[in-house]
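Heads up: the structure comes next, in structure tokens.
The values are calculated or read from the model by the stated rules, or taken from the named source; none is laboratory data. Everything numeric here is computed off the predicted structure, so don't read it as measured data. Note that each Cβ is placed from the backbone with ideal geometry, even for glycine, and that neighbours are counted across all protein chains shown.
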Amino acid sequence: MKSIKYSLLIALSISIISTSNLNAQSALDLKAYGVWSRGDIEFDPAKPNYDYLLGMSAPGSWGNIQPDDSSTYNWNIIQESIDLATERNQYLYLGIGFGPEAPDWIYECGVPKVYTTEDGPKQHDKWPYYPYYADPDYMRYYKNFLIKLGEFLKSQPANKLEKVVFIQVKTGCTGDETAYKGKANNPEYEMEKNSKGWLDFRLFAFETYREVFNSEDLHIPLLFNAISPESYPDEWQWLTENIGNGFGIKEGAMVRGHHLTGERTVVEQWNPHLVNPKELPLFARSEMDQTWRKYLYQINVELGFYWGVLNGLNQGLSVWDLSNSALEMAGKNTSVQNSLRFFNKYAGQIYPESSTHAFIALHEGMDASDTKKFPEDIYGEASPKNEARYEAICNDPAYKARGARIDDSYGATLGQVRQRDTQKAYNDAGWEIWPTNYSRFITQIDPDNTSIGVFRIGGPIDKNSSIYSRFARSFESSTGKNAMYFKLADGFSQDNPQNITFNVIYYDKVKGSEWELKYDAGKGNFKTAKKVIGTGDKTWKSITVKVTDAVLNQNGPEKSDFALVNADKIDDIFHMIEVEK
């Protein structure tokens, strides 16, 4: 393990040297960052309800491209996708299915056929058998197919080839990067995660993709799954040493919900490589599969997609690939469409110097793994399976008064895959959930000491609730929390003075309440951009304010660029601030 870490440090050092030019850091064109379709051609971006679709995937499996023998190929399905992407001026990625989607003729040529069981005698419904990946013949046929795919792509005219912006590396069954679903009936063919046989095959596959698609005459970025340095250290080491900058990751947790187990880990692990990266810049793809049809999303579909968008942006997601069912629904739902357009607006805002927008969605997540904020002697043992701890946190009178609830304590104990499939209600506490605001290039200064998190604003959430009602932050005048201070990322504000547009979304709760939006207009001039007086109609509202003399050089109180300031003793509630330059 020490040698792996040492090699990784060397690779990162090389990466730092080779990425001094910010514009060269992203292997994927920033214009391609946004919402994509997972395949169906009916979702035409020329239609107003699908104008947010920037790209699409090309369907295909080894078995349907090379169904008959080792010498004939049918590239029609890939060609049709390339032609359509060119016609529509969309981006395209390839993700050919291998493993159980291999052609049957390979077994007739000697590749061992592996049968598996999942639960007792049950086999996988879709795939009754798999190839033995370590078989030399399988490896030879696999490599030859990828070589021929490379030759096919090189035959494309330049204007068509440029639409193919990345290729997903698939080695096992589906994109999950496991050899089999279930256990091999013949122990001789078993290939468990991180076993030498499976690792050797994966690295062989990685090298083949690199040779074919990262060559002098064909260079298409590659996207990998199951490569995290903690869980897959050998794969991670290989990638950093042999590909370096510019590969992509597939990360399923990024946009399939909010307050799922492990959010904090995902952000801390990948965001530094995805947003304003200083070392090893990467891009990331995540899917919306059928999760949106499950319990959590169905509480309020519009709210689910909205907070999924914010979660994905906070984590640094580049490409959000939507399933056909999700797109069919979105085409009829203007709220979801607007959330997808919001994702597009921010997904490609990667470097603060060149970005035009910044946002912060105000939120407090009660991370039960944080024993400093939630001491064990008060809230119980810090264990992901301790339901009583989640309940104690949300039932703390201070949090309960703000609307916090734990409605499915058992669901809080699950991993994120099972949560998004089976959790039946919202939880405001969770294990390693993201604890503070969701944002891009805006930071709230000392949020918990200058404001309070509030939950389920306006009461219990149902299908008719506003998408903003899930989380917000509020003043707390009784404890002196009457100003929320914010700063922009270094480099975002460069020219002074400059034109800046602020947009603030707030909850109009009390008639006559007063608050102000202030900004840095130079040293000694923390200026009021807008004063708002509430009408008390208990609805969410937004204000847009344009100023022409913004300096935004952290000359305000607490070294802030702008602030929300209470003008009375009423505790106003805020959801989001956007800044446009």
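Just wondering, is there one or more residues in the range 409-421 that are in a loop (DSSP other than H, G, I, E, B) and charged (D, E, K, R)?
Applying the first criterion (in a loop (DSSP other than H, G, I, E, B)) to the range 409-421 yields 413-415.
In the following step, the residues that additionally are charged (D, E, K, R) were identified as none.
No, because not a single residue in the range 409-421 is in a loop (DSSP other than H, G, I, E, B) and charged (D, E, K, R).
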I'd like to know if the range 436-453 contains one or more residues that are among the charged types (D, E, K, R), surrounded by fewer than 14 Cβ atoms within 10 Å (Cβ to Cβ), farther than 24 Å from A347 by Cβ and modelled with pLDDT of 95 or more. yes
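Within the range 304-339, count every residue that is assigned to a helix (DSSP H, G or I) and touching a helix residue (DSSP H, G or I) at 6+ places or on another chain (Cβ under 9 Å).
So in the range 304-339, the residues assigned to a helix (DSSP H, G or I) come out as 304-315, 324-330, 334-339.
Remaining after also requiring touching a helix residue (DSSP H, G or I) at 6+ places or on another chain (Cβ under 9 Å): 304-315, 325-327, 329-330, 334-339.
Counting residues in the range 304-339 that are assigned to a helix (DSSP H, G or I) and touching a helix residue (DSSP H, G or I) at 6+ places or on another chain (Cβ under 9 Å) gives 23.
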How many residues, within the range 357-378, are farther than 26 Å from I442 by Cβ and among the acidic types (D, E)? 2
Inter-residue pairs, beta-carbon under 6 Å, first closer than 11 Å to S474 by Cα and in the range 440-451, second among the hydrophobic types (A, V, I, L, M, F, W, C) and outside any helix (DSSP H, G or I), 6+ apart: T450/M484; S451/M484
Among what's in the range 102-121 and is modelled with pLDDT under 95 and under 34 Å from the mean Cα position of the chain (by Cα), pick the residue that is nearest to T72 (Cα to Cα). T116
Of (1) part of a strand (DSSP E or B); (2) within 34 Å of the chain's Cα centre (by Cα); (3) acidic (D, E), E558 satisfies every one except (1)
Conditions: (1) in contact with a strand residue (DSSP E or B) (Cβ under 9 Å, 6 or more places away or on another chain); (2) at pLDDT below 95; (3) not small (G, A, S). D69 meets all but one. Number of the miss? (1)
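Anything in the range 250-303 that is hydrophobic (A, V, I, L, M, F, W, C) and part of a loop (DSSP other than H, G, I, E, B)? List them, or say none. Let's see the steps before the verdict.
The initial filter retains those residues of the range 250-303 that are hydrophobic (A, V, I, L, M, F, W, C), namely 253-255, 260, 266-267, 270, 274-275, 280, 282-284, 288, 292, 296, 299, 301, 303.
Listed by number, the residues that qualify are V255, L260, V275, L280, L282.
Restricted to the range 357-392, and to residues that are among the small types (G, A, S) and part of a helix (DSSP H, G or I), which residue is surrounded by the fewest Cβ atoms within 10 Å (Cβ to Cβ)? Before you say what the answer is, go through the steps one by one.
Initial filter on the range 357-392 (among the small types (G, A, S)): 358, 361, 365, 368-369, 380, 382-383, 388, 392.
Those still in the list that are part of a helix (DSSP H, G or I) too: 388, 392.
Numbers: A388: 13, A392: 18.
Looking at residues that are among the small types (G, A, S) and part of a helix (DSSP H, G or I), I get A388.
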Here is a check on your reading of the model: is D490 part of a loop (DSSP other than H, G, I, E, B) and in contact with a helix residue (DSSP H, G or I) (Cβ under 9 Å, 6 or more places away or on another chain)? no
Output yes when any residue across the range 166-181 is of a type in the set (S, T, N, Q) and assigned to a helix (DSSP H, G or I), and no when none is. no
